[in-house]
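> Structure in structure tokens, see below.
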Amino acid sequence: MNDILPDEVGRWQELETAFRVHAELHGFAEVRTPVIEATELFARQIGETTDVVEKEMYSFERHDDRLTVRPEGTAGAARAFVEHAVAGQRPVSRWWYLGPMFRGERPAKGRYRQFWQAGCEHYGDVGPVADAEMIDFVVGFFQRIGISDLTTHVSSLGSGDTHARFRQAVFDFLAPKRASLSDDSQRRLDKNPLRILDSKDPRDREAVLGGPSILELLDGDDLAHWNGLRRHLDALGVRYVVDPTLVRGLDYYTRTLFEVKTSMGDLGAQNTLAGGGRYDNMIEGLGGPKVPAIGFAMGIERVLSVAPLRARERGPVCWVAPMGDAAIDGALRFARDLRKLGVAAEVDGRGGKLKAMLRRAETAGARFCVIFGESELARGVCAVKDLAARTQDEVPLEDAAAIVADRIVTPRTAPTEAGAIDAGASDAPRGAR
Ligand code: HAM
């Protein structure tokens, strides 16, 4: 679990803003659900025999409730969707979310126990148009924030009957090799053989080689959906790899599955930036109507480790330097007036010589230093030093805040290196560089 200190948080904010803008451009609205849900929700939806549920959830009991700190966002969003009968209010809903998730995994580079996800869920569209748009959303977002090296893996798990036939085919293929499987997989063979396909254990990796491919079993509507997805992706110019070995670690998926990976940075085996897929049975499984859904989530730490995003520079625009006790009250009032005008100001209460205050102003990155000295106060003025232009003049005390605010004509947008997005600028103080 990581601390994100103020020096790092600027890049997080850039990513969050970019994600919000991108999601809203695609018609998604934000949803915020609790960080804690009933354990049963995750156990049922993610699947009792998945690694997440068997080994990784942070679960506890309180007031007779069995609770879990969410390992992912899809189940909680679906629970909210059903609980608030959203399907009855509108036929299609598009939600996005961003927040911390918790999985007690073995820590590694790019794999943490508290990690952050940004994700989307789209309810009410059977696809494959929605599926293609979702994949295009993810790839487009990564390109937008400057991640150029991407590989998109897609597959289909089929649904209902195809899914059942695939399970049987995997079971038939692996049953004769039972003894060579890892302990976990021997146990899962009878309950959930598909989970063996994404086992990381070298014995299991060896055993699954040459096994059945789900894509060869697809037929009827499943095949039409799969072909439709590929056609729409081609039309959108999204490049992808058909990867029948893709199974993903969660049980709720039906039909479309996808993952977006990068070879940028040093993420090694943790190079999957985002993963998602269709889960057409979850809403009904939670007691809601039959509403199909598709979604994805990206790991923010992983994305930030490769994205060339730069924090918007912040810091006080105006450093307020009271020289001596008599000047402090006026300096405090001036700073407050300045902030009311939207200019960030910091009062240097440490005292000392002017030279030291100016040094602190420059270290803080301030544009102006306003000096409240004894002789100036006696004349009803303060000195305004423009630290960039290296000029200084005196202004009347009563107009000082308005005058300094007026001098700030710095552009209000500060493009990121990736260039595209600057939606947060309107919230920034005037003169933020
Ligand atoms: P997931 O593949 O488990 O899917 O996680 C999505 C992404 O979260 C991963 O691709 C990875 O970038 C990041 N991630 C997962 N675990 C960790 C970890 N321990 N440390 C750092 N990053 C991690 C889901 O969670 C599904 N809910 C996605 C989804 C939404 N499917 C449909 N809708």
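> List every residue pair whose Cβ atoms sit under 6 Å apart, with the two residues 6 or more apart in sequence or on different chains, where the first one lies in the range 103-128 and is under 19 Å from Tyr253 (Cα atoms) and the second, anywhere, is hydroxyl-bearing (Ser, Thr, Tyr).
Within 6 Å, the pairs are Gly119/Tyr97; Tyr123/Ser93.
> Mind counting the residues in the range 220-260 that are within 9 Å of the ligand (Cβ to nearest atom) and either outside the structural domain of Ala297 (by TED's automatic domain parsing) or more than 23 Å from Pro193 (Cβ to Cβ) (or both)?
Here the count works out to 1.
> Hand me the list of strands (runs of 3 or more DSSP E) wholly inside the range 273-392 holding 2 or more residues that are within 16 Å of the ligand (Cβ to nearest atom).
The qualifying strands (runs of 3 or more DSSP E) are 293-299.
> Does His153 satisfy the condition of being surrounded by fewer than 18 Cβ atoms within 10 Å (Cβ to Cβ), of a type outside the set (A, V, I, L, M) and modelled with pLDDT of 95 or more? If you could, list the steps in order and put the result at the bottom.
Values: surrounded by fewer than 18 Cβ atoms within 10 Å (Cβ to Cβ): no; of a type outside the set (A, V, I, L, M): yes; modelled with pLDDT of 95 or more: yes.
Against the criterion (surrounded by fewer than 18 Cβ atoms within 10 Å (Cβ to Cβ), of a type outside the set (A, V, I, L, M) and modelled with pLDDT of 95 or more), His153 does not qualify.
> I've got another one for you. Residue under question is Ala224, and the condition is that it be of a type outside the set (Ser, Thr, Tyr), modelled with pLDDT of 95 or more, out of contact with any Pro (no Cβ under 7 Å at 6 or more places or on another chain) and open to solvent by 50 Å² or more (accessible area, probe 1.4 Å); does it hold?
On the way: of a type outside the set (Ser, Thr, Tyr): yes; modelled with pLDDT of 95 or more: yes; out of contact with any Pro (no Cβ under 7 Å at 6 or more places or on another chain): yes; open to solvent by 50 Å² or more (accessible area, probe 1.4 Å): yes.
Criteria met by Ala224.
> Within the range 73-82, identify whether any single residue is open to solvent by 60 Å² or more (accessible area, probe 1.4 Å) and modelled with pLDDT of 95 or more, and answer yes or no.
no
> Separate question: Could you list all residues from the range 29-40 that are closer than 30 Å to Gly104 by Cβ, in contact (Cβ under 8 Å) with a residue 60 or more places away in the chain and either in contact with a Cys (Cβ under 9 Å, 6 or more places away or on another chain) or not polar (S, T, N, Q) (or both)?
Glu30, Val31, Arg32, Val35
> Take the range 58-75 and flag every residue that is under 22 Å from Arg106 (Cβ atoms) and more than 15 Å from the ligand (Cβ to nearest atom).
Within the range 58-75, Ser59, Phe60 qualify.
> Before we move on, is Leu189 more than 21 Å from the chain's Cα centre (by Cα), buried (at least 18 other Cβ atoms within 10 Å of the Cβ), within 15 Å of the ligand (Cβ to nearest atom) and in a helix (DSSP H, G or I)?
So Leu189 fails the test.
Conditions tested, residue by residue: (1) under 20 Å from Gln392 (Cα atoms); (2) outside the structural domain of Ala388 (by TED's automatic domain parsing); (3) out of contact with any Phe, Trp or Tyr (no Cβ under 6 Å at 6 or more places or on another chain).
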position: Gly330; (1), (2), (3): yes, no, no
position: Phe334; (1), (2), (3): yes, no, yes
position: Asp337; (1), (2), (3): no, no, yes
position: Gly342; (1), (2), (3): no, no, yes
position: Met357; (1), (2), (3): yes, no, yes
position: Arg360; (1), (2), (3): yes, no, yes
position: Thr363; (1), (2), (3): yes, no, yes
position: Phe368; (1), (2), (3): yes, no, yes
position: Glu374; (1), (2), (3): yes, no, yes
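> Scan Ala108, Ala78 and give me the residue that is within 12 Å of the ligand (Cβ to nearest atom) and either under 18 Å from the mean Cα position of the chain (by Cα) or farther than 18 Å from Tyr279 by Cα (or both).
Ala108
> Ok, one more. Just one of (1) surrounded by fewer than 22 Cβ atoms within 10 Å (Cβ to Cβ); (2) touching an Asp or Glu at 6+ places or on another chain (Cβ under 7 Å); (3) more than 23 Å from Ile147 (Cβ to Cβ) trips up Ala293, so point out which.
Ala293 satisfies all of (1) surrounded by fewer than 22 Cβ atoms within 10 Å (Cβ to Cβ); (2) touching an Asp or Glu at 6+ places or on another chain (Cβ under 7 Å); (3) more than 23 Å from Ile147 (Cβ to Cβ) except (1).
> When you check Gly365 against the structure, is it under 42 Å from the mean Cα position of the chain (by Cα), surrounded by fewer than 18 Cβ atoms within 10 Å (Cβ to Cβ) and not acidic (Asp, Glu), yes or no?
In short, yes.
> Please give the number of the condition Glu216 fails out of (1) farther than 24 Å from Arg255 by Cβ; (2) open to solvent by 90 Å² or more (accessible area, probe 1.4 Å).
(1)
> Here is a check on your reading of the model: is Thr49 away from the ligand (no atom under 12 Å from the Cβ), touching a Lys or Arg at 6+ places or on another chain (Cβ under 7 Å) and not in a helix (DSSP H, G or I)?
Yes: the conditions hold for Thr49.
> Please go through the range 192-213 and pick out each residue that is open to solvent by less than 60 Å² (accessible area, probe 1.4 Å) and of a type in the set (D, E, K, R). Can you show your working first?
Narrowing the range 192-213 to residues open to solvent by less than 60 Å² (accessible area, probe 1.4 Å): 192-199, 201, 204, 207-208, 211-213.
Once the filter is applied, which keeps residues that are open to solvent by less than 60 Å² (accessible area, probe 1.4 Å) and of a type in the set (D, E, K, R), the range 192-213 yields Arg195, Asp198, Asp201, Asp204.
> On to the next question. Of Arg302, Arg248, Arg312, Arg278, which residue is open to solvent by 30 Å² or more (accessible area, probe 1.4 Å) and more than 18 Å from Trp116 (Cβ to Cβ)?
Being open to solvent by 30 Å² or more (accessible area, probe 1.4 Å) and more than 18 Å from Trp116 (Cβ to Cβ) holds for just one of Arg302, Arg248, Arg312, Arg278, which is Arg248.
The values are calculated or read from the model by the stated rules, or taken from the named source; none is laboratory data. Note that this is a predicted model, so its numbers are computed, not measured. Virtual Cβ from ideal backbone geometry, glycine too; neighbours counted across all protein chains shown. Accessible surface is based on the protein model in full, side chains and every heavy atom, while ligands, DNA and RNA are left aside. Shrake-Rupley method; radii C 1.70, N 1.55, O 1.52, S 1.80 Å.
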